[in-house]
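Worksheet: the structure to be examined is printed underneath.
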Amino acid sequence: MNYWMVKTEPTSYSWEDFVKKGEDVWDGVRNYQARNFLREMHLGDLVLFYHSGKDKAVVGVAEVSAEAFPDPKDAVWDAVRLRSKVALKNPVTLQAIKSEDLLSDMLMLRQSRLSVMSMTQSEFELILKLGA
């Protein structure tokens, strides 16, 4: 299993919007590295859902429900389907992530503009623990 993080501005598409749908296409990614991460996602992989912008916090967990396919808005790019699993009891803020030494090597801290990124199992599990 692989572990991922996707980021979205909650004013345009929030965790609550996603939960209402239950499952949705994750599309609109227009960065080559992020696109390559989409291509590496496998059915059942777990995904942290991060609110960017003002909120700056991990708010929920999703899972990959369909592997990479052509983005419906632009077939040159890729998309995946994600299914919502669970909201974090306590959102894990960017400040909390930056304050945790064991998370200092996270890709999101080194390449903050990526909207889709990989993470290690230990990073994923620690964020879940912080959000419990």
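For this structure, a couple of remarks:
- Exclusive hit being surrounded by 13 or more Cβ atoms within 10 Å (Cβ to Cβ), closer than 17 Å to Q121 by Cβ and among the aromatic types (F, W, Y), set F18, F37: F37
- Scanning the stretch 84-121 for residues that are within 13 Å of the chain's Cα centre (by Cα) and assigned to a helix (DSSP H, G or I) gives L107, M108.
- Leading residue by the ranking (surrounded by the most Cβ atoms within 10 Å (Cβ to Cβ)) among those in the stretch 122-132 that are assigned to a helix (DSSP H, G or I) and touching a residue at least 12 places away in the same chain (Cβ under 8 Å): I127
- Candidate set: the stretch 91-103, residues that are in contact with a helix residue (DSSP H, G or I) (Cβ under 8 Å, 6 or more places away or on another chain) and over 14 Å from E125 (Cα atoms); chosen: the one surrounded by the most Cβ atoms within 10 Å (Cβ to Cβ): A96
- Yes/no for V47 being at pLDDT 95 or above, surrounded by fewer than 17 Cβ atoms within 10 Å (Cβ to Cβ) and in contact with a strand residue (DSSP E or B) (Cβ under 6 Å, 6 or more places away or on another chain): no
- The stretch 111-126, residues that are out of contact with any helix residue (DSSP H, G or I) (no Cβ under 8 Å at 6 or more places or on another chain) and within 19 Å of E9 (Cα to Cα): S112, R113
The values are calculated or read from the model by the stated rules, or taken from the named source; none is laboratory data. From a predicted model like this one, the values you see are computed outputs, not experimental measurements. Ideal geometry is used to build each Cβ from the backbone, glycine not excepted, and the neighbour counts take in all protein chains shown.
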